[in-house]
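Below is one structure, written out as structure tokens; comments come after it.
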Amino acid sequence: MSAKKPKILVTREVFDETLDYLRQHCEVTDNQGDQPYAPEALGRALADCDGLMCCLTDRVDAALLAAAPNLKVAANIAVGYNNVDVPACTARGVMVTNTPGVLDDSTADLAWALMLGTARRITEVERRVRSGEWTGWRLKQWLGIDVHHATLGIVGMGRIGQAIARRAAGFDMKVIYHNRKPIAPELERRCNAAYVSFDELLAQSDFIVLQVPYSPATHHLIAAAQLAKMKPSAILINSTRGGVVDDAALVAALKNGTLRGAGLDVYENEPKLHPEFLKLDNVALAPHIGSSTEATRQAMAMLAAQNLVAALRGEAPPNLVNREMRPEPRP
Ligand code: DGY
């Protein structure tokens, strides 16, 4: 970096230590008020910036890039980067980075929280206790289903999918998975998981957990046809990205009883929810908190900051998404 610090914009509230680190290396415009920028305001704020630290609530597309002629890097504070038009960034010579690895375990924990919570109806019965509906113990009261010894089907067996699978050992579950291609045999052994076709997974699983990234190829991967192939007793967990599931089709399946339940952390058009979700007792709703623990969100923000600073130094950032943008090592 030259003596003059590069200018960067941090679009949302981050941690003090993240800002302290960034300020050592950059001239920082931050947004601790945390109001998301509207697209045009984001363009104006980015007009003379060299770097952008952004989140999944910011759309980084050709229009934004046109408003930011000096931009060299967009560092997303997330492992998913479907909010960033990567080809447009590459065409403009902008590096894109993400934050893989540091959030795997926390995100896997949240998928499990939704699985257990939905199976045992935790959010529903909590509402009933608070409303005074609980008048005493009954044998057939608010019966759930067992997670232990059930079949867990994981769609998308990357690092987070594997972390979800490993946790299933403690529940004596059978684990099956579907992925673009089978994972390495030693990873399958560690996860105690068997590769099956997508249709086999839909038909055999008691719990289906989605862990694929969102892209045009995974848009509505779960729609009416796929829901119809699931057991009526099955529970669907979506803790990856809205849009992977056709929410209207899911509402219909939950309402007509062709699916027992769903645990959701993400939605099409979030933070707006399909209004019917709010009326259904057989769905547990979380507000996109998959990676939201203190330690993990701090680690994500710091990793994004390190990616950004490395890129502005002309070094290869640790988590470069558009690898063709990798700078040549210095002689
Ligand atoms: C991610 O990293 O993609 C998460 O959804 C952000 O919390």
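The values are calculated or read from the model by the stated rules, or taken from the named source; none is laboratory data. This one's a predicted model, so the numbers in the text were calculated from it and none came from an experiment. We place every Cβ from the backbone using ideal geometry, glycine too, and count neighbours over all the protein chains shown. Protein only, heavy atoms only, side chains kept; ligands, DNA and RNA dropped before computing areas. Shrake-Rupley method; radii C 1.70, N 1.55, O 1.52, S 1.80 Å.
Pairs meeting the criteria (first residue in segment 291-309 and more than 23 Å from D265 (Cα to Cα) and at pLDDT 95 or above, second residue β-branched (V, I, T) and part of a helix (DSSP H, G or I), beta carbons under 9 Å, at least 6 apart or on different chains) are M302/T18; A305/T18. Put simply, of A295, A301 the only residue that is within 16 Å of the ligand (Cβ to nearest atom), of a type in the set (A, V, I, L, M, F, W, C) and surrounded by 18 or more Cβ atoms within 10 Å (Cβ to Cβ) is A301.
Each row is one residue, and each column tells you yes or no for (1) open to solvent by 70 Å² or more (accessible area, probe 1.4 Å); (2) among the hydroxyl-bearing types (S, T, Y); (3) out of contact with any strand residue (DSSP E or B) (no Cβ under 8 Å at 6 or more places or on another chain).
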{"position": "P182", "(1), (2), (3)": "yes, no, no"}
{"position": "L187", "(1), (2), (3)": "no, no, yes"}
{"position": "F198", "(1), (2), (3)": "no, no, no"}
{"position": "A203", "(1), (2), (3)": "no, no, yes"}
{"position": "I222", "(1), (2), (3)": "no, no, no"}
{"position": "M230", "(1), (2), (3)": "no, no, no"}
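Filter segment 99-111 for residues that are farther than 11 Å from I289 by Cβ and surrounded by fewer than 23 Cβ atoms within 10 Å (Cβ to Cβ) and give the result. Within segment 99-111, P100, G101, V102, D104, D105 meet the criteria.
Per-residue answers, yes or no, for (1) within 16 Å of the ligand (Cβ to nearest atom); (2) open to solvent by 10 Å² or more (accessible area, probe 1.4 Å); (3) under 30 Å from A38 (Cα atoms); (4) of a type in the set (S, T, N, Q):
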{"residue": "P69", "(1), (2), (3), (4)": "no, yes, yes, no"}
{"residue": "L114", "(1), (2), (3), (4)": "yes, yes, no, no"}
{"residue": "H148", "(1), (2), (3), (4)": "no, yes, no, no"}
{"residue": "A169", "(1), (2), (3), (4)": "no, yes, no, no"}
{"residue": "D172", "(1), (2), (3), (4)": "no, yes, no, no"}
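Restricted to segment 82-96, and to residues there that are within 16 Å of the ligand (Cβ to nearest atom) and surrounded by 24 or more Cβ atoms within 10 Å (Cβ to Cβ), the residue that is nearest to the chain's Cα centre (by Cα) is V84. From the list V266, V175, the one residue that fits, being in the same structural domain as R159 (by TED's automatic domain parsing) and touching a Cys at 6+ places or on another chain (Cβ under 7 Å), is V175. Of the listed requirements (1) open to solvent by 50 Å² or more (accessible area, probe 1.4 Å); (2) touching a helix residue (DSSP H, G or I) at 6+ places or on another chain (Cβ under 9 Å); (3) closer than 20 Å to D265 by Cβ, A234 misses just one: (1). Of everything in segment 310-331, what is of a type in the set (K, R), at pLDDT 95 or above and within 23 Å of K4 (Cα to Cα)? Give them in sequence order. If the condition is that a residue be of a type in the set (K, R), at pLDDT 95 or above and within 23 Å of K4 (Cα to Cα), then R313 is the only one that fits. If the Cβ limit is 6 Å and pairs must be 6+ apart or interchain, which residue in segment 196-225 that is modelled with pLDDT under 95 and among the aliphatic types (A, V, I, L, M) pairs with which residue that is part of a strand (DSSP E or B) and open to solvent by 60 Å² or more (accessible area, probe 1.4 Å)? The qualifying pairs do not exist here.
Applying the criterion of being surrounded by 14 or more Cβ atoms within 10 Å (Cβ to Cβ) and among the polar types (S, T, N, Q) to the residues of segment 1-54, the residue that is nearest to V94 (Cα to Cα) is T11. The set of residues in segment 71-80 that are touching a residue at least 40 places away in the same chain (Cβ under 8 Å), more than 16 Å from the ligand (Cβ to nearest atom) and buried (at least 24 other Cβ atoms within 10 Å of the Cβ) contains only V73. With respect to L64, is the statement that it is touching a Gly at 6+ places or on another chain (Cβ under 7 Å) and within 16 Å of the ligand (Cβ to nearest atom) true? No; evaluated as a whole, the condition is false for this residue. Filtering segment 219-233 to residues that are within 21 Å of the chain's Cα centre (by Cα) and part of a loop (DSSP other than H, G, I, E, B) leaves H219, H220, L221, A223. For segment 10-26: of the residues being under 23 Å from the mean Cα position of the chain (by Cα) and of a type in the set (A, V, I, L, M), which is nearest to N307 (Cα to Cα)? Per the stated criteria, the residue is V10.
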